[in-house]
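Everything on this sheet refers to the single structure shown next.
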Amino acid sequence: MSAIQAQAQKQAPGAEPARLPIDGFAVAVMLLLTFSWGLNQVAIKVSNVGYNPMLAVLVRSVGGGLLVYLWCLWRGIALFSRDGTLWPGVAAGLLFGSEFVLIFIGLEYTSAARSALMVNTMPFWTLAGAHFLLGEKVTRQKLVGLVLAFVGVILIFSDGLSLPGPDAIWGDLLCLLAGALWAATVLLIRVTRLSRASAEKTLLYQLAGSAVVALPLIPLYGPLLRDVTALATASLAFQTVFIVAFTYVLWFWMVRRYPASGLTSFTFLSPAFGVILAGLLLGEPLTVRVLGALALIAAGLALVNRPARRTTPV
């Protein structure tokens, strides 16, 4: 996941409304992005084998943040203007940092496939939060999507055959909470001045917060280096350079040129790719219940992000 799809739906200050229709190029890019975000769960699982997970969070946050900062310098994107985003940015950074700490810790216990499903419940937490906190009423269509996702989560927790160990449920819960924190970050951005800040500045706030949260936790998770291999190192580099510094910025670029509603219709592919890649690359069991949960959560995402014909509230 990186994590960051929904919160990037806002426009940068002064940006023109997106008018381009979803074309073949947009479809190709969204397939690349959702595939990459699904693969990210596998990459975290692999890098945890070689590195202290909190060190990995720190490295990807600092390294990715440096690359994004250099991108901003190259593009002339202002980062240090007084725009009232400092304290909301700090709060968003702490939420984002806590989210990724939970994901990395959770993947110490649970499988990448189960983690992908738990983390990608974020849109449903966002929908529920907007209903109760922002007064955005949930339509019947979106309510059906929420119910499908909830049933999918129940299926995951009831599937003992895909549990990698006796402590996997704790990992599932941590990843589920990470999805909720991701949603909290989205809602915070929407109701503060961060909604008018550039997407790159908002991302840098989050990466800085992630580094701050992870740094003091490093001693709690053993030695800095575990079974360091070329694959573990490549996985960490992939997260830092490609996921954080490239795909997030590419997503922002896409949001500024295409309708956000059209792009978010692809979100169901991210957990799908995560589950399938975990089975293919890590040999994780893809049981009937895991696949059933994937189908339910993907269908729920499709309903939540599909423009409703009627806006009748529940």
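The values are calculated or read from the model by the stated rules, or taken from the named source; none is laboratory data. In this text the structure is predicted, and so the values were computed from the model without any measurement. So basically every Cβ, Gly included, is an ideal-geometry build from the backbone, and we count neighbours across all protein chains shown.
Could you check the range 129-149 and list, in sequence order, the residues that are in contact with a helix residue (DSSP H, G or I) (Cβ under 8 Å, 6 or more places away or on another chain) and free of Cβ contacts under 8 Å to residues at least 40 places away in the same chain?
Of the residues in the range 129-149, the ones in contact with a helix residue (DSSP H, G or I) (Cβ under 8 Å, 6 or more places away or on another chain) are 129-130, 133-134, 136-138, 141-142, 144-149.
Result: Glu136, single match.
Selection of the range 272-300 for residues being over 22 Å from Gly145 (Cβ atoms) and in contact with a Ser or Thr (Cβ under 7 Å, 6 or more places away or on another chain) yields Ala278, Glu284, Pro285, Thr287. Taken together, Phe252, Phe242, Phe273 contain a single residue that is within 20 Å of Val153 (Cα to Cα) and either at pLDDT 95 or above or part of a helix (DSSP H, G or I) (or both), which is Phe273.
Filtered by the rule that a residue be among the polar types (S, T, N, Q) and buried (at least 21 other Cβ atoms within 10 Å of the Cβ), the range 167-198 gives Thr185, Ser198. Any chance the range 27-48 includes a residue that's modelled with pLDDT under 95 and hydroxyl-bearing (Ser, Thr, Tyr)? Within the range 27-48 (the criterion being modelled with pLDDT under 95 and hydroxyl-bearing (Ser, Thr, Tyr)), the answer is yes, since at least one residue qualifies. Scanning the range 185-220 for residues that are within 16 Å of the chain's Cα centre (by Cα) and either without any contact (Cβ under 8 Å) to a residue 12 or more places away in the chain or closer than 14 Å to Val101 by Cβ (or both) yields a total of 5.
Does at least one position in the range 251-272 carry a residue that is in contact with a Gly (Cβ under 6 Å, 6 or more places away or on another chain), in contact (Cβ under 8 Å) with a residue 24 or more places away in the chain and farther than 20 Å from Thr126 by Cα?
Filtering the range 251-272 down to residues in contact with a Gly (Cβ under 6 Å, 6 or more places away or on another chain) leaves 270.
Now restrict to residues that are in contact (Cβ under 8 Å) with a residue 24 or more places away in the chain: 270.
Among the residues that remain, those that are also farther than 20 Å from Thr126 by Cα are: none.
Scanning the range 251-272, I find no residue that is in contact with a Gly (Cβ under 6 Å, 6 or more places away or on another chain), in contact (Cβ under 8 Å) with a residue 24 or more places away in the chain and farther than 20 Å from Thr126 by Cα, so the answer is no.
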